[in-house]
Amino acid sequence: EQDVRGLRRSGYEVRVFCGRLDNAAPQYALRTRLDAQIVRVTLHTSDFMNREKLNHRNVVLERQFARCLDAFQPDVVHFHNLFALTVGLVDVCRQRGVPTIMTLHDYWPICLKNVMLTNADEVCRHNGLSCLMCQLKVSEREPVPLPVRNTLMKLAFRHVDRLLAPGHYLGERFIAHGFPSGRLRVVPYGLDMRPFQRVAQRRRRKSEDAPLVVAYLGYLGLHKGVEYLVRAAAQMRR
């Protein structure tokens, strides 16, 4: 809601189509907020079982999205994570000639587990058939070999006009998996560091021995690498 208000203050008209987990409500029912500027489609836990589902097409969700698209008539659609929805939403935009952008927040399009870690919790630096070492198949209606699932994702993403990666490493992994480098741009997450820099400057003026303060904001999962932040801090003590 803050994003919607912020964009409106900047002079943009915006609509948000997003999922909302609620097992008690009818699956795929729509709810609206902020005078219908935010449209939330009801998802159930089964929609998030990404290690079991293909998530390649969902006709009901595509219909719901198409209605919102036709009503709003946007100049551009900016996608984020679609794994609990369907990559078929990209095709809905293509059919209507609406330009699309997608921010790649994680590795879901190229890794069913999202995190590019093997079953042994090691960084996966492979692609293609190497996925079979983690899982052989996914099954929505009929079993599909995992490399076929990844190929279907790549085919769906070829219709996205611009891919945005928040970091060079993530972008390079997608290019290594066959995503077009010409349509990918690295755009770091926006964060105004000036307030933190002013605090650091005041601390340094007070004392040359002011301690280093590091803030981490994120999920404490193994793939986030917080362990290495702790190790680095231990080395700095020496």
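Out of the residues in segment 110-123 meeting the condition of being more than 15 Å from G171 (Cα to Cα) and in a loop (DSSP other than H, G, I, E, B), tell me which one is most open to solvent (accessible area, probe 1.4 Å).
As a first pass, look at segment 110-123 and keep what is more than 15 Å from G171 (Cα to Cα): 112-113, 117-123.
Those still in the list that are in a loop (DSSP other than H, G, I, E, B) too: 112-113, 118-122.
Details: L112: 10, K113: 46, T118: 35, N119: 87, A120: 71, D121: 96, E122: 114 Å².
This residue is E122.
Taking the criterion of being among the small types (G, A, S), free of Cβ contacts under 8 Å to residues at least 60 places away in the same chain and surrounded by 10 or more Cβ atoms within 10 Å (Cβ to Cβ), the residues of segment 188-238 that qualify are A200, A210, G225, A232, A233. Among the candidates R173, R185, the residue that is open to solvent by 60 Å² or more (accessible area, probe 1.4 Å) and either among the charged types (D, E, K, R) or farther than 21 Å from H78 by Cβ (or both) is uniquely R185.
Considering (1) within 26 Å of Q95 (Cβ to Cβ); (2) in contact (Cβ under 8 Å) with a residue 24 or more places away in the chain, the lone condition that P180 does not fulfil carries the number (2). Condition (residue is within 18 Å of the chain's Cα centre (by Cα) and at pLDDT below 90) applied to segment 56-76: is it met by at least one residue? Checked segment 56-76: at least one residue is within 18 Å of the chain's Cα centre (by Cα) and at pLDDT below 90. Per the conditions (1) open to solvent by 70 Å² or more (accessible area, probe 1.4 Å); (2) at pLDDT 90 or above, the sole criterion not satisfied by R8 is (2). L152 passes every criterion in (1) open to solvent by 20 Å² or more (accessible area, probe 1.4 Å); (2) in a strand (DSSP E or B); (3) among the hydrophobic types (A, V, I, L, M, F, W, C) apart from (2).
Where strands (runs of 3 or more DSSP E) fall entirely within segment 37-109, those with at least 1 residues that are over 30 Å from H177 (Cα atoms) and either of a type in the set (S, T, N, Q) or open to solvent by 10 Å² or more (accessible area, probe 1.4 Å) (or both) are at 38-43. Restricted to segment 97-147, and to residues there that are acidic (D, E) and touching a Leu at 6+ places or on another chain (Cβ under 7 Å), the residue that is nearest to R162 (Cα to Cα) is E140. Evaluated against (1) open to solvent by less than 20 Å² (accessible area, probe 1.4 Å); (2) within 16 Å of H56 (Cβ to Cβ), H159 falls short on exactly one condition, (1).
Can you tell me which residue in segment 138-149 is most open to solvent (accessible area, probe 1.4 Å), limited to those that are among the hydrophobic types (A, V, I, L, M, F, W, C) and in contact with a helix residue (DSSP H, G or I) (Cβ under 9 Å, 6 or more places away or on another chain)?
V144
Does segment 166-188 contain at least one residue that is assigned to a strand (DSSP E or B), more than 13 Å from I101 (Cα to Cα) and not small (G, A, S)? Working first, answer last.
Step one: of segment 166-188, the residues assigned to a strand (DSSP E or B) are 184-186.
Next cut, more than 13 Å from I101 (Cα to Cα) only: none.
No, there is no match, as no residue in segment 166-188 is assigned to a strand (DSSP E or B), more than 13 Å from I101 (Cα to Cα) and not small (G, A, S).
Q135 fulfils the conditions (1) touching a residue at least 60 places away in the same chain (Cβ under 8 Å); (2) open to solvent by less than 40 Å² (accessible area, probe 1.4 Å); (3) under 12 Å from the mean Cα position of the chain (by Cα) except for a single criterion, (3).
The values are calculated or read from the model by the stated rules, or taken from the named source; none is laboratory data. Quick caveat, the model's predicted, so the values are computed rather than measured. All Cβ positions, even for glycine, are placed from backbone atoms using ideal geometry, and neighbour counts span all protein chains on display. The accessibility values were calculated without ligands, DNA or RNA, using every heavy atom of the protein model including side chains. Shrake-Rupley method; radii C 1.70, N 1.55, O 1.52, S 1.80 Å.
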